[in-house]
């Protein structure tokens, strides 16, 4: 769907920008920071120890849920990870990410932001999410608040102590730094 829309329009539009254009009630919530983006909420359940399978099955959503709940409480006017466009500020960052995460560099395209009066942008360290993906898999983290706060406040590097193989020894895991931008708005392809 995303590829089709891009081929037709030569743009990417964030979920919130699209919704604002179609629904005045959503636009009002967007402007005052009360728009809700979470598609599923935790429910009450019997207090049972989660199996490794359950944790694996819900891990990615747990991360997004936790980061979104923190955003709603502390930075309600920031773009939501569940709606925003993701972009790097320059080609050298694309090269770095391509090498680190084995992403196809030939898919990189250049965009400019369309002049839309409700555009919102936040700069974040994407490596905090990468670290969270590892940390949520291997341990119960004591100070998750620090990880979420660091992401939304654009801290540089965060270091978390986690279990490590062999023999479950503890090890320091630095997040690293890769700046990316979350954008609520419309990005137009530059024909280059």
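The values are calculated or read from the model by the stated rules, or taken from the named source; none is laboratory data. Quantities reported herein were computed from a predicted structural model and do not represent experimental measurements. Ideal geometry is used to build each Cβ from the backbone, glycine not excepted, and the neighbour counts take in all protein chains shown.
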Does any residue of region 173-191 turn out to be modelled with pLDDT of 90 or more, part of a helix (DSSP H, G or I) and closer than 21 Å to residue 37 by Cβ?
-> no
Filtering region 48-75 for residues that are outside any helix (DSSP H, G or I) and more than 29 Å from residue 123 (Cα to Cα) leaves a count of 4
Residues being under 22 Å from residue 73 (Cβ atoms) and in a helix (DSSP H, G or I) - total across region 1-19 = 3
If the Cβ limit is 7 Å and pairs must be 6+ apart or interchain, which residue in region 143-157 that is modelled with pLDDT of 85 or more pairs with which residue that is part of a helix (DSSP H, G or I) and surrounded by fewer than 16 Cβ atoms within 10 Å (Cβ to Cβ)?
-> 152/74
Expected single match for out of contact with any helix residue (DSSP H, G or I) (no Cβ under 6 Å at 6 or more places or on another chain), more than 17 Å from residue 173 (Cβ to Cβ) and surrounded by 13 or more Cβ atoms within 10 Å (Cβ to Cβ) among 138, 108, 97 is 97
